[in-house]
1. Of (1) β-branched (Val, Ile, Thr); (2) free of Cβ contacts under 8 Å to residues at least 60 places away in the same chain; (3) in contact with a Leu (Cβ under 8 Å, 6 or more places away or on another chain), A:Ile53 satisfies all except one. Which?
2. So how many residues does segment B:41-71 have that are within 14 Å of chain A (Cβ to nearest Cβ), under 17 Å from B:Met118 (Cβ atoms) and in a loop (DSSP other than H, G, I, E, B)?
3. Identify the residue in segment A:203-217 that is charged (D, E, K, R) and farther than 20 Å from A:Pro169 by Cβ and, among all such residues, is surrounded by the most Cβ atoms within 10 Å (Cβ to Cβ).
4. State whether the residues of segment B:100-121 include one that is part of a helix (DSSP H, G or I), more than 12 Å from the chain's Cα centre (by Cα) and crowded, with 22+ Cβ neighbours inside 10 Å.
5. Among what's in segment A:47-105 and is within 23 Å of the chain's Cα centre (by Cα) and among the aromatic types (Phe, Trp, Tyr), pick the residue that is nearest to the other protein chains (Cβ to nearest Cβ).
6. Just to be sure, is A:Ser32 touching a helix residue (DSSP H, G or I) at 6+ places or on another chain (Cβ under 9 Å), buried (at least 23 other Cβ atoms within 10 Å of the Cβ) and either at the interface with chain B (Cβ under 9 Å from one of its Cβ atoms) or modelled with pLDDT of 95 or more (or both)?
7. Working carefully through the options B:Leu139, B:Leu135, find the one that is more than 21 Å from the chain's Cα centre (by Cα) and crowded, with 24+ Cβ neighbours inside 10 Å.
8. I'm trying to understand the selection: among the residues of segment B:100-159, which are at the interface with another protein chain (Cβ under 10 Å from one of its Cβ atoms), polar (S, T, N, Q) and closer than 22 Å to B:Pro35 by Cα?
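The values are calculated or read from the model by the stated rules, or taken from the named source; none is laboratory data. Since this is a predicted model, take the numbers as computed values, not measurements. Here Cβ is always computed from backbone atoms with ideal geometry, including for glycine, and neighbour counts include all displayed protein chains.
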Amino acid sequence: MAEISMRESYGRALAAYGEINPDVVVLDADTSSSTLSCFFAERFPDRFFNIGIAEPCMVDVAVGLALGGKIPFANAFAALISLRAMEQVRTCVCYARTNVKLIAGYAGLSDFKDGPTHHAILDIAMVRVLPEMTVIVPADALEAGKWVPVVAEYQGPVYLRLSRAATIPVHNDSLQVEIGKGITLREGGDVTIIATGSMVGRSLLAAEKLAKEGIDARVLEIHTVKPLDVDLIRQAAEETGAIVTAEEHSIIGGLGGAVAESLCAGRPVPLERVGIADTFTCTALDPESLMDAWGLAVEDIVSAARQVLARKS
Amino acid sequence: MSYHPEALIAELEERARELRIACLDMIYRRGAGHPGGSLSAAEIIAALFFHKLRLDPKRPDWPERDRFILSKGHASAILYAALARLGFFPMEDLKHWGELSCHLQGHPDRLKTPGVEMTTGILGHGLAIGTGLALAARLNGLNYRVYVLLGDGECQAGVVWEGAMVAAKYRLAKLTAIVDYNGVQLDGPVHEIMPLEPLVGKWRAFNWAVLEINGHNMRQVLEALDTAAEIHDRPTVIVAHTTKGKGVSFMENDSRWHGIPPNDAQYAQAIAELRGGA
């Protein structure tokens, strides 16, 4: 069976959930055929609002719908929600604590063909500092769909970060997701790889490679970058003594930053961060080679694990 | 044209005068606030809160209530003065505006102050948020109206016009915007900082119904609010020509009074002028 993309799984789950929950309304900023909120729009045209190329306005309209008791899912490209609409998100969503769900599509490098203007490699850092915000990054298509009802039924602002692409499948249908609860995908005692989003599948591949070298790597999926599952991370630090973080995001301010903050408040251990260096990226012909080119290859995780092990006392 | 009895006009004019005195008192006491844009909105606020809006101060979350968003959130003093008089919170609280333990923030905060529909202060948000509230009313089958009070300087923000397009697209007839067109902003006259004219033409071009009034003439304010409620195919904007700092001679039309409090002598003179109008 061909893998479906994260956006398609999300789009189908949203349309299906629309049947169950009549309070869900959906907005888009002229990208519904990209974010695939169009599936919901086709089924519920009266509950879908296309605001045009005006992301800040879309967020404000969503705020009004939330004030009126609706559960708005506001869809747009991650780069635009987290930058152009950021003031709306801070003031009217987070500070005013309105029940708005920001669905940030085309995240990371997944819009490979449109280039750095469209890549979203700073967004986790932008939204993670917002008080009241919950930040969720699914690892694969199946998980993306699972979040729809959970996000809708949670009371408060959410940033759900979705890839345009089909990432490496990690989960099966028995998966149950809970906000703030990390998932141990592989046990191991030598080092812990903490990953989010598309880098979870790559981290599992890295762990297999490391096993062949006799290195026993634990793999944690942290889908909720905020609030962070600090207990699970500190336990891994204590038990394995070395940590690698992996994310399709700048190495500044994202998952790696969040993990470092949580460790320095407890008992720090050596930490290596796999992510995009502090730089802008480029256009490519496919997302996989683009990720590989910017430091997100499986081999980058493997070598980060070797480095952190060398630092482990 | 609607008819409003003289007694109602006189009562609301007196309310407007009372609100002006109250907000100057609050700004003087706190040593901070925005007198100019509070004074210019007094008739509009009085007409809405003491006559037009369907509100129940005992139930600030009554689903059927009309919604008012003070998009020009810096005029918070006059909103607070009105809400306290209606009983949303004790009048005593007005004396503690801005204190650490007081719910009354520099700008309105929906989570802290009963009766505040939406947190505002950063200019430009109110109209688009109002469109969302009007869309929710339509989906929920509720009959409330949504009123958004905008500053004129605020209309320089692009997102205001994005919201205007949304309201027109969805023909949100239960949404009424009011522009407090006092012609003065923080740095100087609006026509020098960034001209808005033709403002009426702009709103018309955005497919809104436009009513143009003297925003200090209570009869015109009331008639415009009534007329807006009778337009059923599009949203209405009331462009209300006002005077910044209205009622206090030395504050009128002077941008220096956008956001500073009066000193002792200025306060005494301002109150005397406002009381003298009785």
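1. (3)
2. We begin by selecting, within segment B:41-71, every residue within 14 Å of chain A (Cβ to nearest Cβ); these are B:60-71.
Cutting the leftovers down to under 17 Å from B:Met118 (Cβ atoms) gives us B:60-63, B:65-71.
From what is left, the residues that are in a loop (DSSP other than H, G, I, E, B) are B:60-63, B:65-66, B:71.
Residues that pass the stated criteria total 7.
3. Going residue by residue through segment A:203-217, those that are charged (D, E, K, R) are A:208-209, A:212-213, A:216.
With the extra rule that they be farther than 20 Å from A:Pro169 by Cβ, the set shrinks to A:212-213, A:216.
Working: A:Lys212: 8, A:Glu213: 12, A:Asp216: 15.
Here the answer is A:Asp216.
4. The initial filter retains those residues of segment B:100-121 that are part of a helix (DSSP H, G or I), namely none.
Checked against the condition, which is being part of a helix (DSSP H, G or I), more than 12 Å from the chain's Cα centre (by Cα) and crowded, with 22+ Cβ neighbours inside 10 Å, segment B:100-121 yields no hits at all.
5. Among them, the one singled out is A:Tyr95.
6. Details: touching a helix residue (DSSP H, G or I) at 6+ places or on another chain (Cβ under 9 Å): yes; buried (at least 23 other Cβ atoms within 10 Å of the Cβ): no; either at the interface with chain B (Cβ under 9 Å from one of its Cβ atoms) or modelled with pLDDT of 95 or more (or both): yes.
For A:Ser32, the condition - touching a helix residue (DSSP H, G or I) at 6+ places or on another chain (Cβ under 9 Å), buried (at least 23 other Cβ atoms within 10 Å of the Cβ) and either at the interface with chain B (Cβ under 9 Å from one of its Cβ atoms) or modelled with pLDDT of 95 or more (or both) - is not met.
7. Working: B:Leu139 fails: crowded, with 24+ Cβ neighbours inside 10 Å.
Testing whether each residue is more than 21 Å from the chain's Cα centre (by Cα) and crowded, with 24+ Cβ neighbours inside 10 Å leaves just B:Leu135.
8. Within segment B:100-159, B:Thr119, B:Thr120 qualify.
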